[in-house]
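Some notes on the structure that comes next.
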Amino acid sequence: MTNPVSLQWYPKDSMHALRRHLAPVAAALLLSALPLAAQSSQPEALQALRTAVDSEIQAANTDKSIWMYHDRDDSPDKKALYDAIETRQGELRRMIEVNGRPVTPSEAQAETQRIDEYVHDAAAQAKARRNGAHDDAQAASFLKMLPDAFIWTIASQTPEFLTLNFRPNPRFDPPDMEARVMGLMGGQMIIARDGNRIRSLRGQLTEEVKFGFGLFGRLDKGGTFDIERRQVGGGHWQITESHVHIGGKALLFKTIGQQSDEVKTDWRPSPAETLAAAERVLNSQK
């Protein structure tokens, strides 16, 4: 996860994050099949889910807050800590630590140059907006698919939280490869009763997925994702953690899948309305 992308709940939060991580392996699922069973969701669970989905969509249309935070972004290739700042024009991140140490002067200079080039590159910004708009639309579609993609049941209840279990719905007809990835997951969702907001979404692949009868590759059963959201101030919800660990093998034993952990902390309202203003803030903190 090296691109400077915001991960709010919707349109840029967990389904967006999940889609972004799973897209590279989605093609492998074209030849997979869901287990057949005649099952349906519990009415109370399904109603709670639909209410939460409606709340998230309404919040997406009204919450235009922007934030700055620390973004720890770990993958097998690099473990990095960033200063991140959102603006009305997009988001910038500046790497301040890499592999457990502060950036060197040369690395800091490279970050300064990279950010400045992006701030003055209208074409790159336009491309980022197009990509963001596409991801937003896909995230909205995924969010609305949740009631149909899974069988939902109530796992537990407290005055503060409602926990739902979900598993693949054999009657779900996914419209594309990425939706098929989503439809193979089983797991748990936690809904905060205050505001009916989705607090956690955790799941795993319920079956080993083989393509080409296993000759060309597979996705491992048990691959997991975990998206955590919390209130960060003023009643605003943001994603605070995402963990995606999906592995497998492709032709010639090449490893496929995603291994990534991201944790966001120290949330504060952003003081920058523009990318140029965000650049000045980030450079002043180096």
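Throughout, read-outs are computed from the coordinates displayed, never taken from laboratory work. These numbers come from a predicted model, not from an experiment. So basically every Cβ, Gly included, is an ideal-geometry build from the backbone, and we count neighbours across all protein chains shown.
Going from the fewest other Cβ atoms within 10 Å to the most, the residues GLU208, GLU160, GLU228, GLU86 appear in the order GLU160, GLU208, GLU228, GLU86.
Going by neighbour counts of Cβ atoms within 10 Å, the residues ASP83, ASP148 line up, fewest first, as ASP148, ASP83. Using only the Cα atoms of region 127-178, build the gyration tensor, take square roots of its eigenvalues as a ≥ b ≥ c, and label the shape rounded, prolate or oblate: rounded if a/c is under 1.5, else prolate if a/b is larger than b/c, else oblate. Oblate, because a/c is 1.5 or more while a/b does not exceed b/c. With 23 Å as the limit, the listed pairs LYS127/LYS264; LYS79/LYS127; LYS221/LYS249; LYS221/LYS264 have LYS127/LYS264; LYS79/LYS127; LYS221/LYS264 beyond it between alpha carbons. Modelled label positions at ASP173 and ARG101, each set 7 Å beyond Cα in the direction of Cβ, lie 5.8 nm from each other.
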